[in-house]
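What follows is a short report on a single structure.
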Amino acid sequence: MTPNFSTQEEIFGKLLGPMPTSRAATNGLLLRHGYVVAEWGDTQRPDPTYSVAKSFLSTILGVSLDRGLIKSIQDPVASYVPDGGYESAQNRPITWEHHARQTSEWEGELWGKNAN
């Protein structure tokens with residue numbers, strides 16, 4: 001039996017999507033100006049990313065700050081994301097820094113499931 005690489009069932013009561021039957025070998029690619037400039041391994045194979053989301057968020061946050069799209073890392077996310085996810089008393093004070101440090105304690109639903 002293929003090992004389950006996720007705790008989705010434990011947390012949400014069911015898987016949020018398909019799980020791989022096996023993991024891909026180490027792989028990656030480098031982009032520059034929207035073009036692939038280097039790649040190694042099987043980059044066509046889908047695989048869960050899990051904690052790499054932290055790197056994505058940090059990169060996007062840095063670029064957004066550099067371009068002035070976000071004025072300060074201490075700004076509340078609610079000032080920039082009017083999607084309703086930051087309207088509650090719990091979520092309203094959450095800043096970009098909280099998300100970057102993974103300390104937001106955000107409460108709500110993701111993909112129709114309670115994310116608390």
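No value in this document is a laboratory result; all are computed from the given coordinates. Just so it is clear, the structure is predicted and the values come from calculations on it, not from any experiment. So basically every Cβ, Gly included, is an ideal-geometry build from the backbone, and we count neighbours across all protein chains shown.
General observations
- Positive-pole candidate from VAL63, GLY28, PHE12, dipole of the chain, charges at beta carbon: GLY28
- Where GluC sites (Glu not before Pro) fall in DSSP loop in region 11-116, at most 11 other Cβ within 10 Å: GLU105
- More than 26 Å apart - percent of Cα-Cα pairs taken over the chain: 39 percent
- With 5 Å bins from 0: P(r) over region 6-48, alpha-carbon pairs, percent: 5, 19, 18, 16, 14, 13, 10, 5, 0
- Given the chain, longest segment not containing exposed loop chymotrypsin sites (Phe, Trp or Tyr not before Pro) (DSSP; at most 15 other Cβ within 10 Å): 6-49
- Here the gap between VAL52 and GLU10, fully extended at 0.36 nm per residue and compared with their Cα-Cα distance, gives a gain of 13.0 nm.
- For the chain, the longest site-free run once trypsin sites (Lys or Arg not before Pro) in DSSP loop states with at most 13 other Cβ atoms within 10 Å are removed: 24-66
- Rounded FRET efficiency, nearest 0.05, which uses the C-beta distance separating ALA89 from SER64 and R0 of 35 Å: 0.85
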